[in-house]
Amino acid sequence: MGSAVAPAFADSIKYTLKDASGDVIAFTLPQEPIPIPTLFGFAESTTVTIDGVSETEDVTFYDFGTGGGLSIAPTPDVDGILDQAGLQLYSGYNGTPPMLLTETNIQLIATSLLPNSTNQYSEWFTLNAVDIPTSATPESGSFALVLAGLGLLGLLTAKARA
């Protein structure tokens, strides 16, 4: 079993959940989301791809005190697609800005927020959450320096030919 790690430089975290029957659920969230506060963690609305079909859902992350893990549903704190207990998948506490953590091969346990769950999936899923590195796009000031250097080289080359 892996452990949660904050990526050094990431714009986003890509989540992939797989169960034993081959179902795959995937979504990407910013590493530092602007959360929708919930009673036991926070939610973020995003595009979720389930076995190749994409739809907008709320992904709710739960704190350690309520079993950790996450759920995916049309609105926070209700049954819907799935509920999975496990590690707390973010750093921070309720009321503070969260930072999503990376995970490798974390076994999440199927659970339910409500008795007589109506979740679409009730299997255990394995979670992988990997960082999508920040692009290496230079700042505009760096572009200006490169252009000035190229201009200077052009002037020196023209002067040497004259």
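The values are calculated or read from the model by the stated rules, or taken from the named source; none is laboratory data. Model, not experiment: these values are computed from the prediction. Ideal geometry is used to build each Cβ from the backbone, glycine not excepted, and the neighbour counts take in all protein chains shown.
Observations
- Subset of the stretch 22-31 that is surrounded by fewer than 16 Cβ atoms within 10 Å (Cβ to Cβ) and either hydrophobic (A, V, I, L, M, F, W, C) or assigned to a strand (DSSP E or B) (or both) - its residue that is farthest from the chain's Cα centre (by Cα): Val24
Residue-wise test of (1) in contact with a Pro (Cβ under 7 Å, 6 or more places away or on another chain); (2) part of a loop (DSSP other than H, G, I, E, B); (3) surrounded by 20 or more Cβ atoms within 10 Å (Cβ to Cβ); (4) modelled with pLDDT under 80.
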residue	(1), (2), (3), (4)
Asp83	no, no, yes, no
Pro97	no, yes, no, yes
Ile106	no, no, yes, no
Asn116	no, yes, no, yes
Ser135	no, yes, no, yes
Phe143	no, no, no, yes
Leu150	no, no, no, no
Leu156	no, no, no, no
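- Residues of the stretch 55-81 that turn out to be outside any loop (DSSP other than H, G, I, E, B), farther than 14 Å from Thr38 by Cβ and among the charged types (D, E, K, R), as a count: 2
- Residue check, Ile50 over 10 Å from the mean Cα position of the chain (by Cα), buried (at least 16 other Cβ atoms within 10 Å of the Cβ) and either under 18 Å from Ala73 (Cα atoms) or among the β-branched types (Val, Ile, Thr) (or both): yes
- Residue check: Ile34 meets all listed conditions (1) surrounded by fewer than 16 Cβ atoms within 10 Å (Cβ to Cβ); (2) part of a loop (DSSP other than H, G, I, E, B); (3) at pLDDT 90 or above but one, namely (3).
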